[in-house]
Amino acid sequence: MPVFLFLTLFILLLAGYPVAFTLGGVAIFFGMISLGMDFFSFLPLRIWGIMTNYILIAVPLFVYMGVMLERSGIAEELLETMALIFGKLRGGLAISIVIVGTLLAASTGIVGATVVTMGLLSMPTMIKRGYSPEVAAGTISASGTLGQIIPPSIVLVLLGSVLNVSVGDLFMAALIPGLILLGLYILWIIILAVVKPELVPAMPTDELEKFKGKAMIRRLGNAFVPPSVLILCVLGSIFAGLASPTEAAAVGALGASILTIIQGKMNIKTLTSVMVETTHITCMVFIILAGATALGLVFRGMEGDTYITNIIMKAQLSPMAFLLLTMVVVFIAGFFIDFIEITFIIVPVITPLLVKMNINPIWFGILMAMNLQTSFLTPPFGFALFYLKGVAPPEIKTRHIYKGVIPYIIIQVIALIIILKFPETTLWLPEFIRN
């Protein structure tokens with residue numbers, strides 16, 4: 001019966017039915033057949049437990065912080081300044097977009113806002129400067145998804161809740177893997193500049209002439225100081241043990257509001273739109289979580305977790321073989337369903353096996369986050385691809401975006417293999433800071 005439950009679920013999801021209601025509907029249908037309606041008396045307590053989960057309060061706060069920063073104009077200033085800094089280099093504009101994507105990831109954690117902002121501001125400029133449409137589309141899409149792995153990341157908050165581990169530890173563990181991925185992105189652009197320089201030309205000299213002396217110093221300060229202070233306040237307070245991730249999220253939300261006021265962009269219209277979007281995203285996450293809770297309850301009531309555990313244990317898979325199998329399944333699932341669904345559907349099923357196989361949940365959480373990042377890039381349903389297509393100029397076709405992200409998907413797989421082969425890349429920093 002658990003097999004039919006998941007088969008029905010994936011068929012309905014692929015058919016395009018709303019995720020939250022599909023999860024809840026399938027759970028209730030199979031629960032009524034197998035367990036009876038009395039079994040659902042446990043469900044209200046489970047959902048109440050989610051709604052009162054202190055860790056999950058960080059979700060709306062980080063969402064608010066990201067949306068408010070996107071409205072503040074800081075992202076635009078960062079992109080323009082970084083483009084001028086690296087403008088003399090072939091591929092410099094692409095490198096600047098990767099670095100800005102990293103900074104926005106560390107100060108927002110919202111993939112959609114980052115991709116849309118960079119797509120609107122950078123895509124026309126890259127095409128105008130002679131960049132290949134594939135390179136431009138791939139670089140912007142990949143850079144926008146760095147918010148999945150670089151803290152503060154909403155997916156890490158959700159994974160921490162599902163895996164029952166410290167979100168602060170996950171944030172610390174994700175820092176080095178995020179920087180590894182950043183380095184691999186930049187290395188790829190440098191290789192491209194050497195092998196096919198015509199695809200990534202330098203900026204015209206006359207534009208760079210304006211970026212000198214005091215004007216350069218003033219612009220650098222205006223572009224880098226505000227987001228850097230915000231990142232320091234949010235991540236620094238967590239790493240120093242001064243605040244929990246939820247408290248740091250509140251600091252970030254307040255800081256983003258103050259920066260927007262300083263930039264002169266705060267008004268009733270801005271505040272209203274930010275609050276509406278924050279409410280929309282938060283409700284989406286929590287209603288999916290409620291549906292996933294119902295599904296998990298029925299799945300365990302049908303002894304599905306025992307069924308899967310027995311299959312894995314009888315197969316006598318080593319911990320590494322089990323991890324590889326899990327990563328392949330998650331990677332393939334990312335082609336079809338969103339990271340939130342994967343987090344709430346697949347991870348709870350796998351979690352009991354981590355204990356049996358003595359696999360570090362922090363390491364596993366970072367592996368999952370890195371893998372889930374590919375769900376935003378992998379055709380045909382990668383959300384980052386949809387976001388970019390929605391704001392790209394008419395000459396940028398879907399085929400350009402799909403072709404452009406392929407090298408970055410390969411890079412993400414390489415980074416995943418590095419983390420899988422060398423667990424210390426994730427575990428060293430949390431242990432160092434703790435000691």
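Computed from the coordinates by the stated procedures, all read-outs in this text should not be read as laboratory data. Since the structure is predicted, the reported quantities are computational estimates derived from the model, not experimental observations. Note: ideal-geometry Cβ built from the backbone for every residue, glycine included; neighbour counts use all protein chains shown.
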### Message
For the chain, set up a GNM with springs between Cα atoms under 10 Å and report which of Ile417, Ile268, Ile288 has the largest fluctuation.
### Response
Ile268
### Query
Could you give me the ³J(HN,Hα) list for the range 388-395, computed from phi with Karplus coefficients 6.51, -1.76, 1.60 and θ = phi - 60°, whole Hz, x at Gly and Pro?
5, 4, x, 10, 6, x, x, 6
### Task
Quick one, can you get me the convex hull of the C-alpha atoms of the range 2-434 expressed as volume per residue in Å³?
147 Å³
### Most mobile of Ile127, Ile401, Ile97 in a GNM of the chain (Cα contacts under 10 Å)
Ile127
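Students often get this wrong, so check it: of Lys397/Lys421; Lys128/Lys389; Lys88/Lys196; Lys356/Lys421; Lys88/Lys269, which have C-alpha atoms separated by over 28 Å? Display every interim value, and only then the final one.
Details: Lys397/Lys421 37 Å; Lys128/Lys389 18 Å; Lys88/Lys196 17 Å; Lys356/Lys421 21 Å; Lys88/Lys269 39 Å.
Those over the limit are Lys397/Lys421; Lys88/Lys269.
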### Task
Give a residue-ordered list of calculated ³J(HN,Hα) values for the range 181-194 (Karplus: 6.51 cos²θ - 1.76 cosθ + 1.60, θ = phi - 60°; whole Hz; x for Gly, Pro).
5, 4, x, 5, 4, 5, 4, 4, 5, 5, 4, 5, 5, 7
### Query
Relative to the present Cα-Cα distance, how much length would full extension add between Tyr17 and Arg399 at 0.36 nm per residue of separation?
134.9 nm
### Task
Starting at the first residue of the range 88-101, write each ³J(HN,Hα) from the Karplus equation 6.51 cos²θ - 1.76 cosθ + 1.60 with θ = phi - 60°, in whole Hz, x for Gly and Pro.
6, 8, 5, x, x, 5, 5, 4, 4, 5, 5, 5, 5, x
### Fluctuation leader among Gln263, Gln373, Gln412 - the chain, Gaussian network, Cα springs under 10 angstrom
Gln263
### Query
Given charges of +1 on the Cβ of Lys and Arg and -1 on the Cβ of Asp and Glu, with all other atoms neutral, how large is the dipole of the chain about its Cα centre, in debye to the nearest 20?
740 debye
